[in-house]
Amino acid sequence: MDSIDDNPFADLQSSFTTPREADKENIEQGFKEVNLDDPSPPQETDVQVDDEQMRDDSVRDSSNNAASNRGNDQDEKDDNERLSDRKRSLSLQHQQQQQQQQPQPPQQQAQHIPANGVVKLPSGKMYEISVCDPQKIGNPANSYILYTIRTTTKMPAYRQNSLTVLRRYSDFLWLYDSLCKNNPGVFVPPPPSKQTYGRFKIDFIEQRRQSLEKCLIKCANHPHLSQDEDLKLFLESDTFALDVKQRQLDKAEGKSVLASWGSSIMGPKYIENDEWFDVEKQRIDGLELQLKALVKALQTLSTQRYDLASSLAEHSESLLELSRQFTHSETLTRLFQMLADISAQSKRGLDELIQSDASSFTATAEEYMRLISSIKSAFTSRIDLFHDIKAAESSYNKKKTTYEKQKSVGQIHQYNIAYSLKDLAMSENAVHESKRQFERVSALIKEEMSAFDKMRMEDFKFGLKELVATLLQSQRSIHEGWVKYEQELKSI
């Protein structure tokens, strides 16, 4: 028996409602296909294909229900036509909106940060440093010059990007000594030499300031020195004196016995096995002699220029005094005044030349003469490492001989065998580590020598350009004065 809930007209109702619901779903699906938020306009070919497919589906549904749904064919056709018109209208509107919109500029690519966290400054360097504002501190009996050091860096090890500290000349000496000890084989740029007399003169203070700044910039941007802990302490510590004492205590506690042997035990005479080092030593010795001769000649020339500048000043004053005696002749007065002006111009040109020479070419020659001392220290550190190897080998051989002797006579206990073997292994590792350090420093010195030759050419080229430019400018000014003077004489 059929249930009360069974509807005998269900099949008939489904035959009438199903096509309309299918059409409704097709219409909704068609509107979903036209996405108003999509920035790209719909393709006409896709729309046409969808329309044809929808018509085919509609025809199939109509044929299956032809008996009960013929009255709905016209409605279905009208719905499909309205859907197609709606799609074409939306497509045209979207194309018009795309034409009115301006093209968006491409987004800038995010800055790439290297794996080590170091972001270089715009100049291509890791540090920008200035040494400025020298001030005299203390009483006349115990006074010194204090310099302000301003540093800009993006090295991640520093607490700030901009740092400002106060340092004196002896602090620069400490930094140089520390960098040499921490980095054997590296040619550490040295600070300017000490000077007992005249160290508070304005010209000397300015020359020293420039030399200290140049030295510090080269140290900070050196690939093997830029991340040194003592350099970091020098550039950012506000309690520098206390931190230096603590650093010295830490280094003294951490210094191994083997490291002290290299400086306290005189090993066998070192015989060079690499011919490259012998050739470079001879070349460096010859370069040192040439630089000493050049610096001496430049200092003599500078002294003579000072004397000549003083004589020109006196000559100019004498001509001016003489011009005042010819009050009855304006022509002679004007000629003597012009001659005095030429002498004064020559004096000013010499002053500029002396200043440029001291700050460029002579300073460069003196800097490289000091740098040769640093190169020799690097070569010496390599020899010290050779003595460390011999000391480590001697210690290992003694321990090995003692162990084998005690073991052969049965004097070593069973529970001490493991300890003795461990001690021997540590001594053997120390020998291998000393040899690796020696090879590493040897390769580093060769690398540093290549960089030294390249940097030397660039620095001397720059110094010569500045010197010649100043000399030409001075001579042009004097030449113009003499040309005017000659024209004035011809007009008499």
Legend entry - Globularity index of the range 320-490, i.e. its alpha-carbon radius of gyration over 2.2 N^0.38 Å: 2.33
Inset, instruction - Once you've got the Cα coordinates, tell me which of Lys194/Lys251; Lys251/Lys376; Lys125/Lys446; Lys154/Lys201 are over 31 Å apart. - result: Lys154/Lys201
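By count of other Cβ within 10 Å, fewest leading, how are Phe462, Phe240, Phe336 ordered? Please list the in-between numbers first.
Working: Phe462 13, Phe240 17, Phe336 20.
Going from least to most buried by this count: Phe462, Phe240, Phe336.
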Inset, instruction - Only loop residues by DSSP count here, and only those with at most 16 other Cβ atoms within 10 Å; note down the trypsin sites (Lys or Arg not before Pro) in the range 164-223 that meet that. - result: Lys194, Arg199, Lys201
Legend entry - Computed label-point distance, nm, for sites Thr300 and Asp341 using a 7 Å Cα→Cβ extension: 3.8 nm
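Within a 10 angstrom radius of the beta carbon, how do Ser162, Ser316 rank from fewest other beta carbons to most?
Result, fewest neighbours first: Ser162, Ser316.
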Legend entry - For the range 115-255, the Rg and Dmax computed from alpha carbons only, in angstrom: 15.6, 53
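Would you mind computing Rg(Cα) / (2.2 N^0.38 Å) for the range 270-323, counting N as its residues? Let's see the in-between values first.
On the way: Rg = 23.3 Å, N = 54, 2.2 N^0.38 = 10.0 Å.
Normalised Cα radius of gyration, the range 270-323: 2.32.
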Inset, instruction - Calculate the length of the line joining the C-alpha centroid of the range 374-424 to that of the range 139-158, in whole Å. - result: 45 Å
Inset, instruction - Compute the Rg/Rh shape ratio of the range 433-492: radius of gyration over Kirkwood radius, all on alpha-carbon atoms. - result: 1.62
Legend entry - Alpha-carbon Debye profile of the range 321-385, log10 I(q)/I(0) at 0.20, 0.25 Å⁻¹: -0.82, -0.96
Inset, instruction - Have a look at Leu216, Gln304, Leu289 and report the one farthest towards the positive end of the charge dipole of the range 165-314, computed about the Cα centre with Cβ charges (Lys/Arg +1, Asp/Glu -1). - result: Gln304
Legend entry - Phi-based couplings in Hz for the range 437-453 (Karplus 6.51, -1.76, 1.60; Gly and Pro marked x): 5, 5, 5, 5, 5, 4, 5, 5, 5, 5, 5, 5, 5, 5, 5, 4, 4
Legend entry - Straight-distance crosslink candidates among lysines, where the alpha carbon sits under 27 Å from Lys398 and sequence neighbours closer than 8 are dropped: Lys255, Lys269, Lys390, Lys407, Lys422, Lys435
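For the range 266-399, take the convex hull of the Cα atoms, compute a quarter of its surface area, and give me that in nm², please. Walk me through the numbers on the way to the answer.
On the way: hull surface 46.2 nm².
Seen from a random direction, the Cα hull of the range 266-399 projects 11.5 nm² on average.
Quick one: net charge around Asp274, please, counting Lys, Arg +1 and Asp, Glu -1 for every other residue with C-beta under 13 Å from its C-beta. Don't skip to the answer; put the middle values down first.
Details: positive: Lys281, Arg382, Lys446; negative: Glu272, Glu275, Asp278, Glu280, Glu439.
Around Asp274, the charge tally is -2.
Rule-based calculations on the coordinates, nothing more; no lab input. A quick note: this is a predicted structure, and the numbers were derived from the prediction, not measured. Don't worry about glycine lacking a Cβ; one is built from the backbone with ideal geometry, like all the others, and counts go over all protein chains shown.
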